[in-house]
Structures are given as C-alpha cells and as structure tokens.
C-alpha cells in the first residue's frame with residue numbers, strides 16, 4: 001500500500017511541469033465542451049482528439065486524453081441540468097432531477113451538486129482504481145497464455161452480453177470486429193491474410209480510422225438523417241451556487257454512488273450510462289423520500305453524477321490490469337496506448353510504471369481542474385449548445401478526416417475512416433452497437449497470439465486442464481447464460497399477470 | 001476448395017467488392033419481397049453482410065500458406081474459429097430480430113446522407129489535384145449549404161478558419177504535412 005502511494009507521489013512529480021498541467025487543463029476543457037454538446041459522446045471526443053497526441057510523449061498524450069474522458073463525463077450534465085438536453089447518454093439520468101430543480105429556480109443547486117458529485121465520485125473511483133488494479137495486475141502476471149485467451153473471451157462475452165436487450169446483436173458485432181482483426185499479416189507465423197492485393201492492408205485494419213469512423217462519422221451520418229434544419233433555442237434560468245457547507249449533507253449518497261459507479265464501471269461494457277441508472281435506482285431505494293425522485297431530488301443528481309464519474313476509474317481497472325477495456329471510451333484509450341507502442345495489460349505496470357502512476361496522478365489533477373473549471377465556467381459551457389449544427393457537423397467531418405490521415409499520412413486510412421463511418425451509421429440505424437466491434441479489433445490480436453502460444457506450450461490440453469483457465473471459461477459461460485435466463489424470467493413474469501388476468505376474467 | 005480459394009484470391013479487390021454489393025442488393029430485394037422479412041429488411045441485411053464477409057473469409061482460409069513452423073495452430077485457425085462461431089450467433093440474432101418484432105426505423109433524409117457520402121469521397125479524391133486545404137474548405141462550404149446555412153459570414157468564416165487551423169496546428173505545430181495537390185505543388189508550405 002505504501003509502495004503504491006510512493007509511486008503515485010512520483011507520478012505527481014512527473015506531471016508537475018507546465019506542459020503536462022496545461023495539457024491536462026486543455027483536455028478537461030475540451031472534454032467539458034465536447035460533453036456539453038449533445039451528439040458528442042466521451043468516446044467520440046477522445047477519438048477525435050487522439051491524432052493530436054501523436055507528436056507528444058506517451059505520458060503527455062495519455063494524460064491529455066484522460067482529461068478529456070473525465071471532463072466529457074461531467075460536461076454532459078451541464079446541458080442536462082440547464083436545458084434538459086443531456087450532452088452524453090449517461091447524463092440523461094442527471095436530467096431526471098437536475099432539470100426539475102432548475103425549473104423550480106434551484107438551478108445553481110443542481111449545477112453545484114452535479115459538479116461536487118462528479119468531482120468526489122471521480123476521486124473515490126481513483127482510490128479504488130489504485131488499490132484494485134495493482135494487485136489484479138500482479139495476479140494477471142502469473143497467467144499462462146491459455147488464461148489470457150480465456151480472459152479475452154470473457155471480456156468479449158461480457159461486453160456482448162451487457163449490450164442490453166439486443167445482446168445477440170452485440171455478439172454479432174464482436175465477431176465482426178474479430179474478423180476484421182484477421183486482416184493483415186498473421187502475428188505468429190507471418191502469413192498474409194485477406195489483403196486482396198492492397199498494400200495498405202498488410203498492417204491490418206488501422207485502429208484510429210476504425211474508431212473515428214464508427215464513433216464520430218457514424219454518429220454524424222445518423223444525425224444528418226434526422227436533421228430537420230431547426231436550431232433549438234433554450235431558456236436558461238439564472239442560478240447561483242450554494243455554499244460549500246450545503247454539500248456536506250450529501251456526503252453519504254456521493255460516497256455510495258461513487259463506489260457503485262466504480263464497481264459497475266469495472267465490468268467490461270457496462271460504462272457510465274448503466275452505472276448512472278443503477279446508482280439512481282439504489283439511491284432511490286435508500287432514500288427516505290423516494291417519491292421526490294424525478295421531481296427534483298438532490299440525491300437523484302448525486303446518484304447520476306457521482307456514479308457516472310466513478311465509472312471512469314472503474315473502467316480503467318480492467319484496462320490497466322488486464323488489457324480489457326471497461327467502456328467504449330476505455331477501448332479508444334487502449335487504441336491510444338497501442339499507437340504509442342504500449343501494450344495495455346499487467347506488463348504495463350512493470351514495463352512502464354512511470355506512465356501508469358502518472359496516469360493515476362493525472363486523474364486526480366483532472367478532477368481538480370474539472371472542479372475549478374466547472375465552478376468558473378458553468379455559465380459559459382452551457383452556451384456551447386448554441387453552436388449551430390450547420391457548423392458543428394462539417395467541422396466533425398473535417399476533424400475526422402484530418403485525424404485519420406495524420407496517423408500514417410495515408411489516404412488509405414482516410415478511405416477506411418469513411419467506410420467505417422458508413423458502416424457505423426448502418427449499425428447504429430439497425431441497433432448493432434459499435435463498441436463491441438472496436439473491442440473485437442482491440443482484443444483479437446491478443447487472443448490469437450495467446451491461443452497459438454497456449455497450443456505451442458501446452459497443446460490443446462492447456463485449455464481444459466488448467467484450473468484458472470476453466471474458472472475463466474466458466475465465468476464466460478455464466479456471463480453468456482445470464483441475459484438469456486434473465487430475459488426468459490422477465491418474459492415469464494410478463495406472461496404471468498396476463499395469464500392471471502385472463503383466468504380471473506374466465507372466473 | 002483450395003483451388004476455389006486461390007481463384008477468389010486472384011480476383012482484383014474491386015471485383016470482390018462489386019460482387020459483394022451485387023449480392024447485398026439481391027438480398028435487399030429478396031427481404032423486401034418477403035412478407036415476414038420486409039419489416040426487418042435493414043436489420044437482416046446488416047446481419048447478412050457480416051455473414052457474407054465471414055463466408056468469404058472462411059473460403060479464403062483454404063488458400064493460406066501453411067508454415068512448416070506451425071505447431072497446433074495455423075494462420076487459418078482463428079479466422080475459422082470466428083467464422084464458425086458466427087453461425088449459431090447469427091442464427092440466434094436472426095431469431096431474436098423476428099421475435100422482438102422491433103421493425104426497422106424508416107429512413108429519414110437518406111438523400112442528404114448519400115449526397116454527403118458522395119461529397120466526402122469526392123473531396124478526398126480531389127486532394128491529389130487541388131490539395132487538402134482547398135478541397136476540405138470546399139467540402140465544409142458544400143456541407144454547410146446542404147444543411148441550409150445561408151448566412152454569408154459563417155459560410156465564409158468557417159471554411160477559412162478551418163484552413164488556418166489545420167495549417168497552423170497540424171502542418172506547423174504537429175509537423176504533419178498535408179497533401180498540397182498538383183495545383184499548389186509549387187507552394188513552399
């Protein structure tokens with residue numbers, strides 16, 4: 001424990017220079033701006049800004065992206081409270097109580113709660129991240145290739161099964177991502193696969209164009225389809241922040257929601273939205289006045305925001321310890337690490353300890369900056385929703401194209417970005433989630449490598465004789481079976497009252 | 001099978017792409033014609049597209065070189081695993097599409113989306129002739145006009161500001177040289 005604190009202190013030391021602090025501040029500001037603009041998700045904001053980090057050192061690049069991630073998660077709540085328009089999907093829960101508070105003339109209270117809950121929820125999750133990821137990584141270092149393979153399968157299946165009601169589509173999307181990953185030179189034997197005579201495909205499908213295409217362009221194409229040419233005008237209530245002592249009475253809900261958010265965030269694919277909804281439900285159950293939820297309960301805003309921010313630290317646990325992303329934004333961050341020739345996973349703690357602990361420190365600093373920037377600029381941030389779509393969409397296009405070109409200065413990457421933009425649009429339109437595709441692309445190579453290594457080291461028996469491998473496969477099976485069983489139960493429950501009603505009628 | 005795989009592999013990429021698109025168009029009409037499949041045509045088409053890619057990938061695995069170094073797994077092993085795994089998953093997905101009765105959302109302004117797609121590909125194609133800066137500015141202007149922006153100030157300011165931003169931030173600050181195009185190849189930027 002002491003060692004972790006010492007290393008984190010050295011991480012702070014590495015970041016206490018003007019360049020790093022300015023980069024974190026820029027990241028936070030850009031993140032808040034991006035989060036406050038409806039239609040720009042945290043993953044999209046990180047993906048769009050990813051190309052800007054190419055010329056930076058890995059630490060500088062990653063801490064800036066972390067700032068964007070943290071800022072964007074909070075930014076969504078500003079417009080949710082002020083104008084009932086969640087900037088990010090997870091901020092939808094914030095609007096349940098934030099907007100009624102604002103309408104009742106308590107906008108400042110809602111805005112302040114949102115900021116304090118976001119900051120402290122985030123800080124709680126960083127502590128959990130620090131003390132959970134290090135031991136987890138130590139365990140993971142003892143894994144054999146067969147265990148790594150099983151772990152990747154587990155990560156993918158959990159993501160796919162947490163895809164909501166349409167989990168079957170998530171599974172299809174994961175397999176699509178894994179198939180895309182097969183393009184290029186085989187990582188073990190060097191055999192070329194599916195290159196179709198195109199030289200650009202020898203290196204496989206480039207990560208950044210896929211990310212930008214699926215998350216940014218796919219979203220814009222979908223928005224263009226429903227574009228009505230009308231710019232909404234919102235009325236903004238005046239608000240003033242309460243005194244700091246006001247927030248003390250909300251300390252327990254903040255702590256609870258921060259922990260719940262962090263725990264939910266650990267599960268791959270869960271993300272901030274599920275964390276917010278679950279935490280809101282938990283807080284409502286704990287509340288003495290559950291009837292106030294949805295009509296302006298401060299605890300409702302706390303639950304949504306503290307858990308949403310808490311999920312950031314949670315999502316980083318599997319990313320850093322196991323190399324498996326906990327959310328779609330974490331998947332983009334994995335791409336960012338890979339671009340800087342870093343392999344996410346337990347080896348990162350031994351190979352790049354400075355980077356890992358600087359990352360922890362940057363999360364603290366980013367939360368602090370977010371608090372200051374939020375206090376100072378809330379009135380300003382809310383105005384970003386005024387940016388006309390006629391300017392926003394063309395700029396997202398321009399940024400996406402420039403970003404995908406910047407990776408290798410390759411026109412093939414630009415074409416790939418556009419193609420994945422169209423694919424992302426069609427997938428979004430027909431409810432096939434894009435995040436599992438990215439996870440398939442990210443984890444596919446690792447899976448193949450470990451699968452081959454496991455066969456070389458222990459033969460096929462290594463997959464069914466090693467207890468840890470079997471445990472991981474069992475968890476995978478349970479993760480796949482869970483939504484099927486719960487769906488059937490829900491269907492039975494739904495049928496039961498109808499049957500009951502019918503029999504009552506007959507009587 | 002190996003000969004078949006080799007013959008497909010020998011085809012140019014555009015022929016394979018055209019064949020893929022032709023099959024997708026055919027499937028679209030098949031799904032639209034069926035009474036049961038019509039409300040889910042889009043969802044089924046996306047699923048079919050992924051399955052078609054998997055089928056192509058599976059067939060092509062028979063043409064892969066088998067390395068003498070291979071012990072246990074070859075280059076074809078993992079692609080085959082994923083392709084075979086897709087069979088039950090796709091069947092499950094198709095079943096769930098019909099069972100959920102969640103019909104396709106109707107297309108909104110699809111013409112606008114198609115025009116934008118064509119415009120963006122055209123803009124990228126023009127980089128080699130008129131350069132990145134002019135081509136991207138023209139694309140931004142066109143997209144703003146398509147989105148019904150009619151005020152002269154933003155119509156001029158946004159493309160110009162973007163050109164300046166991309167030049168100073170990417171070309172000058174990040175040292176990423178952007179295509180100048182044949183038209184501006186003489187410029188010392």
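Only the coordinates and a few stated rules stand behind these numbers; no lab work does. Bear in mind that the values here come from a model prediction, so they are computed numbers and not experimental data. As a convention, Cβ positions derive from the backbone with ideal geometry for all residues, glycine included, and neighbour counts pool all protein chains shown.
Some observations on this one:
- Calculated FRET efficiency for the pair residue A:478/residue B:109, C-beta based, R₀ 41 Å, to 0.05: 0.40
- Chain A - mean residue ellipticity at 222 nm from DSSP helices (-39,500 (n - 2.57) per run, n ≥ 4, rounded to 500): -24500 deg cm²/dmol
- Where labels lie 7 Å past Cα in the beta-carbon direction, separation of residue B:32 and residue A:2 in nm: 7.4
- Using equal-weight Cα scatterers in the Debye expression, the normalised intensity of the stretch B:21-173 in log10 at q = 0.16, 0.18 Å⁻¹ is -0.94, -1.01.
- Maximal additional length on extending the residue A:419-residue A:281 stretch stands at 45.7 nm, based on 0.36 nm per residue less the C-alpha distance.
- For q = 0.18, 0.19, 0.26 Å⁻¹, Debye-computed log10 I/I(0) when each Cα of the stretch B:110-173 counts as one equal scatterer: -0.69, -0.76, -1.11
- A straight chain from residue A:343 to residue A:470 at 0.36 nm per residue would run longer than the Cα-Cα distance by 43.2 nm.
- With the cut-off at under 19 Å, measuring from each backbone N in the stretch A:403-447 to a point 7 Å along the Cα-to-Cβ line of residue A:199 picks out A:405-416.
- Packing-based order for A:240-248, B:154-162, A:305-313, using average beta carbon neighbours within 10 Å, highest first: A:305-313, B:154-162, A:240-248
- Note on B:113-120: average number of Cβ atoms from other chains within 10 Å of each residue's Cβ is 5.
- The C-alpha atoms of chain B define a longest principal axis, and helix B:152-165 lies at about 80 degrees to it.
- If a spin label sat at a point 7 angstrom from the Cα of residue A:240 along the line to its beta carbon, the backbone N atoms of the stretch A:102-118 nearer than 12 Å would be those of A:108-109.
- Efficiency of FRET between residue B:128 and residue A:288 - r from beta-carbon atoms, R0 51 angstrom, step 0.05: 0.15
- Ranked by the mean number of other Cβ atoms within 10 Å of their residues, highest first, the peptides A:279-289, B:22-32 fall in the order A:279-289, B:22-32.
- C-alpha long axis of helix B:41-61 to longest principal axis of chain B, angle in °: 70
- Counts of other chain beta carbons within 10 angstrom of each beta carbon in peptide B:158-164 average 2.
- Shielding by partners, peptide B:80-86 (average Cβ within 10 angstrom, other chains): 5
- Using alpha-carbon coordinates, inclination of helix B:127-146 to the longest axis of chain B, degrees: 90
- Diffusion coefficient, µm² s⁻¹, Stokes-Einstein with Kirkwood Rh over alpha-carbon pairs of the protein assembly as shown at 20 °C and 1.002 mPa s: 81
- Per-peptide average of other Cβ atoms within 10 Å, ordering A:330-342, A:16-28, A:387-399 highest first: A:330-342, A:387-399, A:16-28
- Working from label points 7 Å from Cα in the Cα-to-Cβ sense, the residue A:18 to residue B:92 distance is 5.7 nm.
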